[in-house]
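One structure is given here, and the rest of the page talks about it.
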Amino acid sequence: MTSAIVSTHAGAWRKAAKWASVAIGAVVLQAGTAFSADLVISNWAGYMAPDIAESFKAATGLEIEVVNHATNEEIMGKLMASQGKGFDIVFVSSPFAEILNYQGLVEPLDKAAVPNLANLYPEAAALAYDPGNAYSVPYTWGTTGLCYRSDVVKTTPDSWLNLLQPSDDLKGKVTMLATDRWLMAAGLLAKGYSVNETDPAKIDEAKALLIEAKKTLLAYDDTTFYSKLVSGEASLVHAWDGWCNYGITENKDIKFVVPKEGSDLWVDTIVVLKSSEKKDAAMKFINFILDAKNHAWAAQNILYKVPNKAAMESLDPALSQQYPNMAMSAAELAKYELLRDLGAAQRDYSRAVSEIKAAN
C-alpha cells in the first residue's frame with residue numbers, strides 16, 4: 001500500500017526481494033527503450049511475471065517497456081508533473097486511481113476490447129471507487145489483520161485490542177505497520193470507527209489509543225515483521241494477508257486472522273492514461289493480464305489473492321491448504337471496508353501519525 005497508502009504496501013509489501021532483480025533484468029532490458037516500445041508501463045518491481053515482455057509480444061506482436069516505481073507517491077508525482085505523458089499504463093492503489101480519475105488523467109476502459117473483464121468476480125466490478133470498472137481494473141486485493149505464532153500465543157487473537165493492549169506475555173513482542181492508513185486503521189477499528197474516518201475528534205481518539213499502544217511495541221515494521229515472527233523475536237504482528245503468507249512459508253505455526261471488529265479491503269489497480277497515444281495496445285495488455293493463466297501468476301508467486309474468478313479457480317487446491325487466507329472468497333473480502341481517498345483529511349492522518357511516532 002506513505003502519505004496516503006504507501007505503494008499500497010509500498011515497494012515493501014511486494015515480494016520484491018525475490019523478484020526485483022529478475023523483473024528488472026528480464027522485463028525492462030528485454031523490452032528496449034521508451035522510444036522503441038509499443039507500451040510503457042509503470043509498476044512495482046516483481047509485480048508481474050518476469051517473462052511478461054516475451055509472452056505479451058508472442059501473443060500480440062507488441063513490445064513493452066516496464067519501469068518500476070517504489071511507491072504510489074513516486075509515480076503520482078511524475079504523473080501530476082507531466083499530466084500523464086511518458087506512460088501508457090500505470091499500476092496504482094485504489095485511492096490513487098480515484099485521484100487520477102478526478103484529475104481527468106485516466107482513460108475510460110474500452111470494454112469491447114477487454115473481453116476478459118468477464119473473468120472478474122462480480123464483487124470486483126462493484127467496488128465503490130469505480131462501480132462497473134469504468135476506468136480501472138483491479139489487479140490484486142486483500143485485507144489486513146493479525147499474524148501470529150500459534151505455538152507461542154496462548155489464546156487465538158480475535159480483536160484489534162489484542163494488538164493494541166496485549167497481554168503481559170506479549171508486551172515487547174508485538175509489531176505494528178507504520179504506514180499512515182494502516183496504523184490509523186488499527187486504532188479506528190478498535191474504537192468501532194471507519195478506516196476512512198474523517199471526523200477529527202474520532203481521529204484524535206484513535207491517536208490517543210495508539211500512543212498508549214506504542215509503549216507495548218517491539219517496533220513499527222512494514223518490511224520485516226514476518227521475519228521477526230519466524231525468528232521468534234515477535235509473537236504477534238500487524239500484517240497484510242499476503243505478507244503473513246511469507247512467514248507461513250517458513251513456519252507452519254504462523255497463522256493469520258482478521259479481528260472481529262473487521263478490517264480494510266485494499267485493491268491495487270491498472271489504469272490507462274488519457275495522454276497515451278497507444279490506447280488500443282493498452283487495452284490489449286489489460287485483456288492479456290486478465291487471461292486466467294496470466295493473472296494466476298500473481299496468486300501463485302506473490303501469494304496475493306486476485307479478483308479474477310477464473311484465475312483463482314485454476315489454482316492448485318494445495319495453495320489454499322498451505323495458506324488459508326488465499327481461500328478467502330470474494331464475498332468475504334467484500335465485507336471489509338474499501339480504502340478510499342481521504343481528501344483533505346489525509347493531513348489529519350499524517351499529523352496524527354507524526355504525533356504518535358514522536359510520543360514517548
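Derivation of every value follows stated rules applied to the coordinates shown; laboratory data play no part. Note that this is a predicted model, so its numbers are computed, not measured. With ideal geometry, Cβ positions are generated from the backbone for all residues, glycine too; neighbour counts draw on all protein chains shown.
Using Cβ point charges alone (K and R +1, D and E -1), the dipole size of the stretch 200-322 about the Cα centre works out to roughly 240 debye. Per-residue 3J(HN,Hα) values for the stretch 210-216, derived from phi via the Karplus relation 6.51 cos²θ - 1.76 cosθ + 1.60 with θ = phi - 60°, read 6, 5, 5, 5, 4, 5, 9 Hz in sequence order (x marks Gly and Pro). Peptides 70-77, 283-290 ranked from most to least packed by the mean count of surrounding Cβ atoms within 10 Å: 283-290, 70-77. Quick check: the distance between the Cα centres of the stretch 46-99 and the stretch 180-259, to the nearest angstrom? Spelled out, the Cα-based centre of one part sits 29 Å from the other. Descending by average beta-carbon neighbour count within 10 Å, the peptides 184-194, 261-271 line up as 261-271, 184-194, the highest first. The distance separating the Cα centre of the stretch 281-319 from that of the stretch 327-359 comes to 26 Å.
Using a cut-off of 27 Å between Cα atoms, the listed pairs Lys171/Lys305; Lys57/Lys85; Lys191/Lys252 include Lys171/Lys305; Lys191/Lys252 as exceeding that distance.
Across the stretch 213-324 the C-alpha pair distances fall into 5 Å bins from zero in the proportions 2, 10, 16, 17, 16, 14, 9, 7, 5, 3, 0 percent.
Remark: C-alpha extents of the stretch 290-355 on the principal axes read 45, 25, 22 Å, sorted largest to smallest. The distance between label points at Ala327 and Lys202 comes to 3.4 nm (points 7 Å beyond Cα on the Cα→Cβ vector). Rg/Rh for the chain stands at 0.97; both radii use Cα atoms, and Rh follows the Kirkwood definition.
Taking 0.36 nm per residue of separation and subtracting the Cα-Cα distance, full extension of the segment from Asp169 to Asn301 would add 44.0 nm. Helix content alone sets the calculated 222 nm mean residue ellipticity of the chain: runs of n ≥ 4 DSSP H residues at -39500 (n - 2.57) each, divided across all residues, give -10500 deg cm²/dmol.
Summary of packing: across the peptides 153-159, 89-95, 315-321, 231-237, the per-residue average of other C-beta atoms within 10 Å ranks them, highest first, as 89-95, 231-237, 153-159, 315-321.
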